[in-house]
Protein chains: 2
Amino acid sequence: MTVAYPGPAVVVEDVAAAVEVMRSQGLRVSASRRVVLTVLFAAPGPVPAEQIADGLGGRFPLSDLGSVYRNLETLERVGLVRHLHLGHGPGLYAVAERDNQEYLVCEHCHAVRAVSPTDLDAVRGRLRDDFGFTASFGHFPIVGRCADCRDAPPRDHDHGHEHGRHA
Amino acid sequence: MTVAYPGPAVVVEDVAAAVEVMRSQGLRVSASRRVVLTVLFAAPGPVPAEQIADGLGGRFPLSDLGSVYRNLETLERVGLVRHLHLGHGPGLYAVAERDNQEYLVCEHCHAVRAVSPTDLDAVRGRLRDDFGFTASFGHFPIVGRCADCRDAPPRDHDHGHEHGRHA
DNA sequence: GTGGCACCTGCGAATGGGTCGCAGGAGTCT
DNA sequence: AGACTCCTGCGACCCATTCGCAGGTGCCAC
C-alpha cells in the first residue's frame, strides 16, 4: 500500500476501457491485472485483496496475493482503483469510478451505507465553518449508529470481520 | 482487543481512584496494572500499547506486551480506559475520563485535533437529520484536511506511522 | 499470618494483513 | 525474432495483536 501519488480518479466503465488507460500510462497489460480488474468490476462493492486473489469464487484463479497487492497499488496510482477502510478488518478495494462514494458504517450491525459526496456537503460545510477542517469520508468512513441500531445496547465495539451489506 | 462490553466511561482523576474502581469491580490490583494506569495518566494523549510496555521511557519497566494488551482490554471493559484508531498505525489507548474527546486528523500533515463532543453536535445533528445516522468520532476520527493543508498537493494517503502532535 | 484458589503474568508461538527481495517469465517496442 | 524491462510467483519477513500454558501472586478466609 502507501500509494505515493494517487492520481485523480479515472472514469472507465469496463475492463476494456481500463486496459486502454493502463496502456496510455505505459503499464503492461498482464493476465493477472486483467483478472484484478475483472473481479473489481464484477464485485457489488469494495472487496478485500484476498477475495480478489480468490478470483471471484474460483472463477478466475489468481495465484499470488502479493502480486494482487502490487497490482492494486499500481492501479490505484493511475487512478483506476481506490481503497478504503471500513472499521477494522482488511482494506477494501474498488473501481475508482464506480465507487467515488463516501460511507456511513454502523458500529453495531455493521451495515454500510454508501452516499454520494454531494449528500455530505452540508456536513462538510459545518466542519469547515466550525473548525476550518475539510473532511473526506471516502478513505475512512463515518462510524456511528444507523437508525435501526440507535437505541440498541452496546455490544462490542471492535473488529470488523463482517463486511456489512451495502444499502 | 474486542471488548465485549465496554462499560460507560468511568470518571477518575488519578491512579488511586482508578485502583478503587478496579477493586470495586473485583479486579486484582497488580503491579503491572498500576504501571499501565500510571503511564496512561502521565501521557499527554493517547499512546500505543508498545509505549505503555516501555513504561514511559523506561521509568516504569514493564516486561510483557501481551499482558499490556490484556490489561488494557480489562481496564477498557470496566470503563477506565478507551482506545481509538487514528488512521493507520497501532491502536492508541487513553484514560477514558481524561479523553472523552473526538478527533479530527489531517491526512496530509497528520496533525490531530481533539475537540469536545459537544463541539461536534452541529455536525452530528446534520447527519441525523439527513441520514438518520448518529455519528461518533471517538473511536474512529474524522479524516480530512486541516486549514493549513487545505490546498496542499496530494502526497500519500496511507499509513499513519507518525502520530501527529495534539492541538 | 498462612493457606488456598482463582486470577494474572511472562513467555513463546501463532495469526492476520501486508510488504519485500529475488530469480525467472512475459509484455512490448523495434 | 530479439532485447529490454516490467511483472509474477515464491518465500521470507514485519508489525500489531492474540492465545495457550505453566508458574506466580493478589485477595479472602480462617
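The values are calculated or read from the model by the stated rules, or taken from the named source; none is laboratory data. Owing to the predicted nature of the structure, the values given are computational and were not obtained by experimental measurement. Heads up, the Cβs are rebuilt from the backbone with ideal geometry, glycines too, and the neighbour counts pull from every protein chain shown.
Considering the conditions (1) assigned to a helix (DSSP H, G or I); (2) within 16 Å of DNA strand C (Cβ to nearest atom); (3) within 11 Å of another protein chain (Cβ to nearest Cβ), residue A:87 is excluded by exactly one of them, (1).
Being more than 20 Å from residue A:118 (Cβ to Cβ) and more than 7 Å from chain A (Cβ to nearest Cβ) is the filter here, so list the residues in region B:120-156 that pass it. Of everything in region B:120-156, those that are more than 20 Å from residue A:118 (Cβ to Cβ) and more than 7 Å from chain A (Cβ to nearest Cβ) turn out to be B:120, B:121, B:137, B:138, B:141, B:148, B:149, B:151, B:152, B:153, B:155.
What about residue A:11, is it at pLDDT below 95 and under 16 Å from the mean Cα position of the chain (by Cα)? Yes; evaluated as a whole, the condition is true for this residue.
Considering only region B:102-121, state which residues are touching a Gly at 6+ places or on another chain (Cβ under 8 Å), surrounded by 21 or more Cβ atoms within 10 Å (Cβ to Cβ) and free of Cβ contacts under 8 Å to residues at least 40 places away in the same chain. Across region B:102-121, the qualifying residue is only B:103. Within 13 Å of chain A (Cβ to nearest Cβ) and either free of Cβ contacts under 8 Å to residues at least 60 places away in the same chain or on the phi < 0 side of the Ramachandran plot (or both): does that describe residue B:46? Spelling it out, it is not the case that residue B:46 is within 13 Å of chain A (Cβ to nearest Cβ) and either free of Cβ contacts under 8 Å to residues at least 60 places away in the same chain or on the phi < 0 side of the Ramachandran plot (or both). A single member of A:75, A:62 is more than 14 Å from every other protein chain (Cβ to nearest Cβ), away from DNA strand C (no atom under 11 Å from the Cβ), touching an Asp or Glu at 6+ places or on another chain (Cβ under 8 Å) and touching a residue at least 12 places away in the same chain (Cβ under 8 Å), and it is A:62. Go through region A:94-120 and give me each residue that's under 14 Å from the mean Cα position of the chain (by Cα) and of a type in the set (D, E, K, R). A:97, A:98, A:99, A:102, A:113, listed by residue number.
Residues in region A:33-85 that are more than 17 Å from the chain's Cα centre (by Cα), modelled with pLDDT of 95 or more and among the hydroxyl-bearing types (Ser, Thr, Tyr): A:67 alone.
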